[in-house]
Amino acid sequence: MGRWICCLCSRAADPLMLLLVLALGCNPSTAAAAAAAASPSVPHVKPSYSFGRTFLGLDKCNACIGTSICKKFFKEEIRFDTWLSSHLKLPPSSLLSYSGNYTDDAKSWRLVDITRLTSKYQHDWADKRICTSLLRTRSCSLERALRRTQRFQKWLRAKRLTPDLVQGLSSPLLRCPSQRLLDRIVRRYAEGPDAGSIYMDHLTDRDKLRLLYTLAVNSHPILLQIFPDVEGWPFPRYLGSCGCLLVSASTRPLCDFFGAAPEVAADLALQLLAVLRSMATNDLNYFFYFTRVDAGTFGVFSNGHLFIRDASTLGVIDKEEGTQ
């Protein structure tokens, strides 16, 4: 129980800080001070962009989320905003999230959310910081730099993802990691080959780097993969990733319903209580807790069902381990 309390009291870290800690092995407070000193108040925003690897973040791979849905982007089966014309320009790459349209047959379209784990400006700043510290250059291959870290070298030699391999990563998901939870992450990781095994033999070096990167920066995509909506978990469906962009089923933030009719508000309140109850009591004996809640944490699908829209602040405690 003492270990649980310690985990619950840990401070949530900014995704940029997590990446710097992963690469540099530095103290989060030191990285935060450096970021504050180096970051201008408002990043430069270009009016439009040409579609390509840089916008998607593919130029960073394999220090990225994944590539499972890239073909959809290049075949124009995923398009930004509510426009269905393929000739319209892309939105600014400085945004954290976009509304998009997704199709499987080029005839029927459905809304999706396209999000970044952290801002493009923060990514670029972190890249320069890592290159300067590890390779003594202003620019470099982020993948090559991260491959040289001691943590990743341990991952390459490991047959199984164990708690010591994720120790020090400040994602709430990994504050109290049980072996059962880590096995579930490996077995259900959607950006690698589907082997259904708890061992990492089926993961290539590239897959391991992408998994480590995602866990270090923002665990939201991992939670959507290991607790899918088709099994009744209150998360939007994970459709795939491309570079630094994540595509999931579209939801409206709960704050959009603050002025809703009383009967709608009452229904959403009851759904919210049910979701929170399922987070504490479920068949798998996992206890979910929030490290932070804001207006964008919960969302509502077009059918009125309430879900957890942003899982990046969720921690998970394995109650089975706590009873052993």
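Each value in this text was obtained by applying a stated rule to the coordinates, not by laboratory testing. What you see is a predicted model; the values in this text were computed from it and never measured. Every residue, glycine among them, receives a Cβ derived from its backbone with ideal geometry; neighbour counts consider all protein chains shown.
Computed values, structure above
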{"item": "Mean Cβ neighbour count within 10 Å, used as a protection proxy, ranking 195-202, 209-216, 258-265 highest first", "result": "209-216, 195-202, 258-265"}
{"item": "Anchor Lys128: aspartates and glutamates whose Cα lies under 13 Å away (excluding residues fewer than 8 positions away in-chain)", "result": "Glu143"}
{"item": "Overall dimensions of the range 193-314 by Cα: Rg and Dmax, Å", "result": "16.1, 54"}
{"item": "Cα gyration tensor, the range 250-322 - rounded (a/c under 1.5), prolate or oblate", "result": "prolate"}
{"item": "Ranked by how many other beta carbons lie within 10 Å on average, peptides 57-68, 90-101 from highest", "result": "57-68, 90-101"}
{"item": "Part-to-part distance (alpha-carbon centres) for the range 250-267 and the range 288-304, which is given in Å", "result": "12 Å"}
{"item": "Proximal lysines to Lys208, defined as alpha-carbon separation beneath 16 angstrom and excluding residues fewer than eight positions away on the same chain", "result": "Lys60, Lys154, Lys159"}
{"item": "Cα-based shape type of the range 100-200, given that a ≥ b ≥ c are square roots of the gyration tensor eigenvalues and the cut on a/c is 1.5", "result": "oblate"}
{"item": "Dipole-positive endmost among Ala260, Ile308, Phe287 within the range 250-322 (Cβ charges, Cα centre)", "result": "Ala260"}
